[in-house]
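Notes for the one structure printed next.
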Amino acid sequence: MAKPLVATAPFTGCFGCHMSLLDIDDRILKLVELVEFDKSPINDIKVFTRPVDVGLLEGGISNDENVEWLIKFRENCKILVAVGQCALTGGVPAMRNTVPLKECLEEAYLKGPTVIDGKIPNDPEIPILLDKVYPCHEIVKIDYFLPGCPPSADTLWAALTALLTGKNVGLPYELIKYD
Amino acid sequence: MTENYSEIINEVVEQFGKDRSRLMDITRAVHAKLGYLPEEAIGLIPKALGIHRVEVRDMASFYAFFSREPQGRTVIRLCNSVVERMKGADAVAKAFEKAAGIKFGQTTADGMLTLEYTACIGLSDQAPAALVNGTPLTNLCPADVPAIVQALKAGKSPRELPQARVDLNLRQPGPVIFAPMQRGAAVRRALNMSPEEVIKEMNASRVRGRGGAGFPTAMKWDFCRKAEGGAHYIVCNADEGEPGTFKDRVILAQCPDLVFEGMTVAGYALGAVEGLVYLRAEYEYLLPSLEQCLAKRRSLGLLGENICGLEGFNFDIRIQLGAGAYVCGEESALIESLEGKRGAPRDRPPFPVQKGYKNEPTAVNNVETLCCAARIMEKGAAWFNAIGTKDSTGTKLVSVSGDCEKPGVYEIQYGMSVDALLQLVGGQNAQAVQMAGPSGQCLAPKDFGRSICFEDLPTGGSVIVFGPQRDVLECMHQFLEFFVEESCGWCAPCRAGTTLMCKMVEKVLEGKGTRNDLRQIETLGNTIKTMSRCGLGQTAANPILTTLRNFSNLWDAKVRSEDYVAPFDLKKALQEACAVTGQKPHAEE
Ligand SMILES: Cc1cc2nc3c(=O)[nH]c(=O)nc-3n(C[C@H](O)[C@H](O)[C@H](O)COP(=O)(O)O)c2cc1C
Ligand code: SF4
Ligand code: SF4
């Protein structure tokens, strides 16, 4: 039987959730036995090569490129899991949601104390920012949510193995308790 | 300028005896003198009091009636509560914006007018209504607005406007609250008994609190009396913030003597030396007549030292004004506010009867409860408990508003059915009835046979009638917005939960919701209900939860059959960035 396929996406986050996935220590060997990675920054595969079983999403959605890729993830993955506070709620990047985008850009590129001859970048190659940072589930259907900033390696491991082995993904309280 | 401020502030602080617990009054007075609270004032008040700056900022930032920005000479606060909007407040708001040439939240360039919205001001029976520098204007219609604005801009006092009238709308007086009274009779009878006997009499009457929770009054007094402390306090809760409630306003306008009579009886029973009335800022216009009533009682020996000649019974009453916060009706938040702090509820235990105002045993009672207490003293427990039902003795005041012919206050006997009440008020064709305000429940016609009493349908007094044309779900959404606004922010289930819920409800009402969204709304609602720290959060989801139960047909009609619908609109989300940077969205988008 072919190994289940996993893809991971870094949207607008800090890569902390990906780091947490790598933090499963030697279980990473088990994981590699258990699954194969398709599109992911972990193996630097840039496009989907075939239909994927589980997509793990890190980060909120802050620009048009994020939107495009999130939709592609939905099209290519059977199960989508939003991982971490940024994916679930927008997280730290969503702090800009309380300030109008224009003011954010002006502060960063025109008025900031370290800016000299500032200009708001407008190269067509640069992704276009959304008016605010959105959680993943406001753009596509998400099947599972893993809270945490980041979810611990144990939480990720428990969720992933349960999903891949078709078990019930009800996680014990200790793994999703954060205060 | 600072020099000036310093003089004004020192004077005010002196006036209140440099007492930190009077910080609300001090800040109110400074605000009134300066028209707002400038940053310098927030620095000078704590200096004069010898406290930290953050204590003043913390308090001042909490209340709606304290402004940190300069305001116009005249501040118009238009009530945009649900009933007001049913009665056309939106059109009145537009007319104000047009006539003043500014939006709500703004001040005219000449510094004459400020427009603001405010939550229910206790005038739903004569909506739309507004407070202009504290003076209520009622039954507003858009056509009146230009003349009002013109007069105010010309410096006319709002009191001279033809709309500056508050009708009592006391539609049905009853035997307990609105029957004629003899000043001092209840106090004299109480003083002929021992304090324990007074509480016994209360106990025999089986009177329960009228403020919402229905706690037996005798038990509360007994706990308080027996609690150890250096002083005991009786507090009258006149915060009346539940949208659609205005019965305490009518009591305070019509028979304040009865309230003070009840407080004095309670003072005697508890062994208290001081009674405090927490009067919501929205009712400031009632203050002069209340003070007058207190003065009269002092002159008659019904307040002060050796009351009614009883050696050693010293008791007086002080009125504390609030500053615009619904949560301050919650008794522990009210006590915090009385102490001059922000109105955040306390952890319980200890309960106020153990450690309340200034950490001393304190009984907090609703205005109407205290009236009942006075009447029980005057007429006896047996007279009182012959009225009403087994577990709900006496009468209840209901404030009825919304789609009915005769909005106003009715003193009904406990046990009356909703149907009978609707007959009485001229609201027979109601589609729904909001019982006990937003924090209560939304009833469908199948429930109209049920009766108003603690055993079946308890109410603090707010009854809002929704006629057949009303968009009930939109009204529920507005109730939820009210809770979002009024949450004190202390605990996450209430602070974040109500906001999340509001967004989810909006998604459904915009026609982008699914059955799954309804399930999630319900789950979240139950989380808010069970996990919140005080009564505000514990009831905030009720408008939605009770309509999901009683009006599932309305909700079902709103949702789509798809498994998932995204609320997201890419084109709209990109507009702002494109406008700022000049980038163009990619073709396939
Ligand atoms: C958010 C909130 C607002 C409240 N507002 C009021 C109010 O305006 N008036 C009132 O009497 N009780 C109000 N209550 C109830 C009080 O906490 C308290 O139970 C009541 O004043 C006790 O008086 P009673 O026993 O005479 O009813 C409120 C409770 C909550 C949770
Ligand atoms: S949830 Fe926390 S760890 Fe994960 S991407 Fe966001 S900020 Fe980083
Ligand atoms: S439930 Fe709401 S109002 Fe009550 S303490 Fe929590 S945040 Fe404050």
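The values are calculated or read from the model by the stated rules, or taken from the named source; none is laboratory data. Keep in mind that this is a model prediction, so the values were computed, not measured. Neighbour counts run over all protein chains shown; Cβ positions are idealised from the backbone, glycine included. Keep in mind that these areas ignore ligands, DNA and RNA; they rest on the heavy atoms of the full protein, side chains included. Shrake-Rupley method; radii C 1.70, N 1.55, O 1.52, S 1.80 Å.
Just a few scattered comments:
- Members of segment B:258-277 found to be of a type outside the set (A, V, I, L, M) and in contact with a Gly (Cβ under 9 Å, 6 or more places away or on another chain), listed by number: B:Phe260, B:Glu261, B:Thr264, B:Gly267, B:Glu274, B:Gly275
- Flag for A:Ser62 being more than 16 Å from ligand 1 (Cβ to nearest atom) and within 14 Å of chain B (Cβ to nearest Cβ): yes
- Considering residues of segment B:211-230 that are buried (at least 17 other Cβ atoms within 10 Å of the Cβ) and aliphatic (A, V, I, L, M) only, the residue farthest from ligand 2 (Cβ to nearest atom): B:Ala218
Conditions tested, residue by residue: (1) more than 13 Å from ligand 1 (Cβ to nearest atom); (2) open to solvent by 10 Å² or more (accessible area, probe 1.4 Å); (3) within 14 Å of another protein chain (Cβ to nearest Cβ).
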site	(1), (2), (3)
B:Ser487	no, yes, no
B:Pro493	yes, yes, yes
B:Val505	yes, no, no
B:Glu510	yes, yes, yes
B:Arg533	no, yes, no
B:Thr539	no, yes, no
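- Residues that are open to solvent by less than 30 Å² (accessible area, probe 1.4 Å) and away from chain B (no Cβ under 12 Å) do not occur anywhere in segment A:131-144.
- Answer from A:Glu125, A:Glu138 - the residue that is touching a strand residue (DSSP E or B) at 6+ places or on another chain (Cβ under 9 Å), within 30 Å of B:Val580 (Cβ to Cβ) and of a type outside the set (S, T, N, Q): A:Glu138
- For segment A:12-27, the criterion of being at pLDDT 90 or above, more than 16 Å from ligand 1 (Cβ to nearest atom), within 19 Å of the chain's Cα centre (by Cα) and within 14 Å of chain B (Cβ to nearest Cβ) is satisfied by at least one residue.
- With respect to (1) in contact with a Leu (Cβ under 8 Å, 6 or more places away or on another chain); (2) within 14 Å of chain A (Cβ to nearest Cβ); (3) among the polar types (S, T, N, Q), the lone exception for B:Asn550 is condition (2).
- All positions within segment B:157-175 that are of a type in the set (Asp, Glu) and open to solvent by 60 Å² or more (accessible area, probe 1.4 Å): B:Glu160
- Looking only at segment A:79-113, and only at residues there that are within 16 Å of ligand 2 (Cβ to nearest atom) and more than 17 Å from A:Val140 (Cβ to Cβ), the one that is most open to solvent (accessible area, probe 1.4 Å): A:Met95
- Residue check, B:Ala540 out of contact with any helix residue (DSSP H, G or I) (no Cβ under 8 Å at 6 or more places or on another chain) and either in the same structural domain as B:Thr118 (by TED's automatic domain parsing) or more than 16 Å from ligand 2 (Cβ to nearest atom) (or both): no
- If you go through segment B:56-91 and keep only what is free of Cβ contacts under 8 Å to residues at least 24 places away in the same chain and under 25 Å from B:Pro438 (Cα atoms), you end up with just B:Asp90.
- When B:Gln254 is tested against (1) in contact (Cβ under 8 Å) with a residue 40 or more places away in the chain; (2) crowded, with 17+ Cβ neighbours inside 10 Å, just one condition goes unmet, and that condition is (2).
- Of all residues making up segment B:556-589, the number that are of a type in the set (Val, Ile, Thr) and within 8 Å of chain A (Cβ to nearest Cβ): 2
- Filtered residue count, segment B:387-442, keeping only those that are within 22 Å of the chain's Cα centre (by Cα) and open to solvent by 30 Å² or more (accessible area, probe 1.4 Å): 2
- For B:Leu23, the requirement of being outside any helix (DSSP H, G or I) and either outside the structural domain of B:Phe483 (by TED's automatic domain parsing) or of a type in the set (Val, Ile, Thr) (or both) is not met.
- Every residue from segment B:449-467 that is open to solvent by less than 10 Å² (accessible area, probe 1.4 Å) and without any contact (Cβ under 8 Å) to a residue 60 or more places away in the chain: B:Ile452, B:Leu457
- Exactly one residue out of B:Gly241, B:Gly271, B:Gly214, B:Gly209 is on the phi > 0 side of the Ramachandran plot and either within 14 Å of chain A (Cβ to nearest Cβ) or within 12 Å of ligand 1 (Cβ to nearest atom) (or both): that is B:Gly214.
- Test result for B:Leu480, open to solvent by less than 10 Å² (accessible area, probe 1.4 Å) and over 24 Å from B:Glu240 (Cβ atoms): no
Quick grid of which residues meet (1) in a loop (DSSP other than H, G, I, E, B); (2) without any contact (Cβ under 8 Å) to a residue 40 or more places away in the chain; (3) open to solvent by 60 Å² or more (accessible area, probe 1.4 Å):
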| site | (1), (2), (3) |
| --- | --- |
| B:Ala295 | no, yes, no |
| B:Lys341 | yes, no, yes |
| B:Ala344 | yes, no, no |
| B:Gln354 | yes, no, yes |
| B:Asn365 | no, no, no |
